[in-house]
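Engineer: Structure in structure tokens, see below.
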Amino acid sequence: MTCRAIRARQAPSLWEAAAQPERTCLSWHRTAVALGAVLLLLVRAGGGALAPIVLATGMLVLGPLLVLPGVRYRRTVACLAPQRPLPGPTPLLGLTVLTVLTGSAALVIIAAGQPDGAQ
Amino acid sequence: MNRTSDHEAVDAVRDAPPGGPDPGRAGRPARRRPHSVYDAGSEPDPRFTLANERTYLAWVRTSLACMAVGIAFDAFVDDVPAALRTTVGIGLVALGIACVVSGYRRWMLNERALRQSTPLPASLLAPLLGAAFVLIGLAVALSLTGIGG
């Protein structure tokens with residue numbers, strides 16, 4: 001192997017950078033699926049009165065959350081070649097708020113006590 | 001694009017001015033939010049930014065796992081006293097909320113450190129999380145075996 005080939009192998013390249021948005025996109029998908037699983041568990045554990053509310057809210061937020069990673073992936077890839085800054089952190093803040101709301105709903109359900117038929 | 005020019009492209013992204021090179025609609029550079037992050041330093045290597053984002057997402061999944069275990073423990077485990085069940089459930093869900101809030105805060109601190117080329121801040125929550133898991137596991141194990149009464 002020539003010195004030039006060795007240097008080329010050691011140099012960080014845009015090709016390596018371009019593989020990262022895909023991994024990040026998959027990470028977003030895994031997180032969205034995990035949030036969906038927690039919402040379903042919340043519906044199952046919450047039982048009776050809260051179930052339709054949690055389910056409807058979950059469906060409303062999960063749809064965009066499953067579409068968002070693809071859009072963000074395309075925007076990120078589009079930013080790499082022309083050397084533009086990557087997309088901002090608004091989805092990160094949104095996901096944080098969503099997760100805190102899910103946790104708050106879980107706290108309410110647990111504090112309210114286990115409903116009949118939740119087993 | 002060959003590998004050398006790829007390397008230069010990555011360096012160019014890293015050396016871009018704060019706020020990005022693209023002008024806004026009014027011709028001024030667009031200021032990104034949160035300002036506490038993006039007003040500092042210069043644009044880092046995009047690989048680092050994406051790795052930071054994946055770390056944040058890993059914190060969110062950890063948070064969701066905590067919540068899931070807390071909800072399931074409260075709803076579906078019958079072999080432990082009700083008080084312990086509720087305490088563990090609420091504790092795990094609260095821990096999950098703390099995880100996600102801390103994860104976002106860490107994302108901001110890490111991104112700021114990357115932009116300023118300073119060392120990343122240490123995580124306080126990671127060891128605390130491990131200790132909390134050990135304590136909760138011990139409490140549940142003692143309860144299940146009847147040692148703790």
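The values are calculated or read from the model by the stated rules, or taken from the named source; none is laboratory data. Just so you know, these numbers come straight off a predicted model, no measurement behind them. All Cβ positions, glycine included, derive from the backbone under ideal geometry; neighbour counts span all protein chains shown. Remember, those area values only see protein heavy atoms, side chains included, never the ligands or the DNA or RNA. Shrake-Rupley method; radii C 1.70, N 1.55, O 1.52, S 1.80 Å.
Engineer: Tell me whether region B:82-89 contains one or more residues that are among the β-branched types (Val, Ile, Thr) and modelled with pLDDT under 90. Quick ask: steps written out before the conclusion?
Structural biologist: So the first thing to find is which residues in region B:82-89 are among the β-branched types (Val, Ile, Thr), and the list is B:86-88.
Of the ones still in play, those that are also modelled with pLDDT under 90 are none.
No, region B:82-89 has no match at all.
Engineer: Of B:Ile136, B:Ile71, which residue is aliphatic (A, V, I, L, M), within 8 Å of chain A (Cβ to nearest Cβ) and in contact with a helix residue (DSSP H, G or I) (Cβ under 9 Å, 6 or more places away or on another chain)? Give the steps one after another, and end with the answer.
Structural biologist: Working: B:Ile136 fails: within 8 Å of chain A (Cβ to nearest Cβ).
The unique qualifying residue is B:Ile71.
Engineer: OK, next. All but one of (1) at pLDDT 90 or above; (2) in contact with a Ser or Thr (Cβ under 6 Å, 6 or more places away or on another chain) hold for A:Val71; state the number of the condition that does not hold.
Structural biologist: Result: A:Val71 fails condition (2) only.
Engineer: Tally time: how many residues in region B:29-68 are free of Cβ contacts under 8 Å to residues at least 24 places away in the same chain, in contact with a helix residue (DSSP H, G or I) (Cβ under 6 Å, 6 or more places away or on another chain) and not in a helix (DSSP H, G or I)?
Structural biologist: 1
So that you can scan it fast, the table gives a plain yes or no per residue for (1) within 10 Å of another protein chain (Cβ to nearest Cβ); (2) in a helix (DSSP H, G or I); (3) buried (at least 19 other Cβ atoms within 10 Å of the Cβ); (4) on the phi < 0 side of the Ramachandran plot:
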| position | (1), (2), (3), (4) |
| --- | --- |
| A:Ala56 | no, yes, no, yes |
| A:Gly63 | no, yes, no, yes |
| A:Thr76 | yes, yes, yes, yes |
| A:Pro82 | yes, no, no, yes |
| A:Leu86 | yes, no, yes, yes |
| A:Leu95 | yes, yes, yes, yes |
| A:Ile109 | yes, yes, yes, yes |
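Engineer: Identify the single condition in (1) open to solvent by 40 Å² or more (accessible area, probe 1.4 Å); (2) among the polar types (S, T, N, Q); (3) modelled with pLDDT of 95 or more that B:Ser63 does not satisfy, given that it satisfies every other one.
Structural biologist: The single condition B:Ser63 does not satisfy is (1).
Engineer: If you don't mind, another one. In region B:66-81, which residues are open to solvent by 10 Å² or more (accessible area, probe 1.4 Å), of a type in the set (A, V, I, L, M) and modelled with pLDDT of 90 or more?
Structural biologist: Residues satisfying the conditions are B:Ala68, B:Val69, B:Ala72.
Engineer: Within region B:109-136, how many residues turn out to be outside any helix (DSSP H, G or I) and open to solvent by less than 90 Å² (accessible area, probe 1.4 Å)? Show your work before the answer.
Structural biologist: Of the residues in region B:109-136, the ones outside any helix (DSSP H, G or I) are B:117-124.
Next, from what is left, pick out any that are open to solvent by less than 90 Å² (accessible area, probe 1.4 Å): B:118, B:121, B:123.
Matching residues across region B:109-136 total 3.
Engineer: Scan region B:77-93 for residues that are in a helix (DSSP H, G or I), more than 7 Å from every other protein chain (Cβ to nearest Cβ) and not polar (S, T, N, Q) and report the count. Outline the logic, then answer.
Structural biologist: Residues of region B:77-93 that are in a helix (DSSP H, G or I), as a first pass: B:82-93.
Next cut, more than 7 Å from every other protein chain (Cβ to nearest Cβ) only: B:82-85, B:87-88, B:91-92.
From what is left, the residues that are not polar (S, T, N, Q) are B:82-85, B:88, B:91-92.
Residues in region B:77-93 being in a helix (DSSP H, G or I), more than 7 Å from every other protein chain (Cβ to nearest Cβ) and not polar (S, T, N, Q): 7 in total.
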